[in-house]
Amino acid sequence: MKPFLWFTLYELLRLGAGARGVRVSTGELAVLMGVSQQSASRRLGLLEGLGLVVRRGGAGGSVIRVSGEGLGRLEEVYLRLREGLEGGAGELVFEGAVFSGMFQGRYYISQAGYRGQIRELLGFDPFPGTLNVRLVGDYLESRRVLEGWPAVVLEGFRVEDRAFGGARCYRLLVDGVGGALIVADRSGYDLSVMEVIAPVDLRERLGLEDGDLVRLTFPVVGSSPGVVG
């Protein structure tokens, strides 16, 4: 999202539009942001189109409220700013319970088109399968932040008459064992689930069964966790 849209959301939040709808005209918003009324109107239209604000017209100006998705975007900025200002390590840590998925991981990871890219881009030959983890606790804000981090991109490909979609990968440690989160472009899971690939069978290496809790650590962007072969 463009920076000027972040700042527009921020000004609306300052006006109280995060907790309830507030009545504000484009002229008033323009003065607050130091832009023309036309620019303020265009910014509101863009935010509304993205689903980041809800706007209802009326006499004396529109009643505007920042949507749940808009608040989530602002939370991402807050977390990044806090991370930079406080000088933290920048790692993201999640906890989740292991569960048996739809048993499709082995099929997809075994495809040469994925396997070759993983070897080339992530530096390990993946075990044919994924470890499925359902996150617990207050994970949503950090999960959204992770979505904005640079990812290793796996390109989609075609085998005969079958098309395979692309995916994004984020390096991580699962209880100290290196691997990567893989997020398919067309995933059947929501943000509460993480599918993990690694050069080893993580269930066997860590002695895991369904329901066991694991710790998923994503190092600060730019560092690279060691991979256990």
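Any read-out appearing in this document is the output of simple, stated calculations on the displayed coordinates, not a laboratory observation. Because the structure is predicted, anything quoted here is derived from the model rather than measured. Counting neighbours? That spans all protein chains shown, and the Cβs are built from the backbone with ideal geometry, glycine included.
Net charge around Gly156, counting only other residues with Cβ within less than 13 Å of its Cβ (Lys, Arg = +1; Asp, Glu = -1)? Net local charge, Gly156 excluded: +2. Computed with the Debye formula from one identical point scatterer per Cα of the range 101-229, without solvent, the log10 of I(q)/I(0) at q = 0.12, 0.18, 0.19 Å⁻¹ comes to -0.43, -1.01, -1.14. Model label sites at Arg162 and Arg203, defined 7 Å from Cα along the beta-carbon direction, differ in position by 2.1 nm. Dimensions of the chain along the principal axes, based on C-alpha atoms and rounded to the nearest Å, stand at 64, 46, 30, largest first. For q values of 0.27 Å⁻¹, compute log₁₀ I(q)/I(0) with the Debye formula on a Cα-only model of the range 110-151, without solvent. For the range 110-151, the Cα-only Debye profile gives -0.91. Packing order of peptides 62-68, 93-99, highest average first: 62-68, 93-99 (average count of other Cβ atoms within 10 Å over each peptide's residues). Taking K and R as +1 and D and E as -1, what net charge do the other residues with C-beta under 10 Å from the C-beta of Arg168 add up to? So the surrounding residues net to -2.
Net charge of the neighbourhood of Ser62, taken over other residues with C-beta under 9 Å away and scored Lys/Arg +1, Asp/Glu -1, is +3. From the square roots a ≥ b ≥ c of the eigenvalues of the alpha-carbon gyration tensor of the range 3-86, which class results: rounded (a/c under 1.5), prolate (a/b over b/c), or oblate? Taking the square roots of the gyration eigenvalues as a ≥ b ≥ c, the range 3-86 is prolate.
Inter-label distance, Val193 to Glu141: 2.7 nm, where each label sits 7 Å from its Cα along the C-beta direction.
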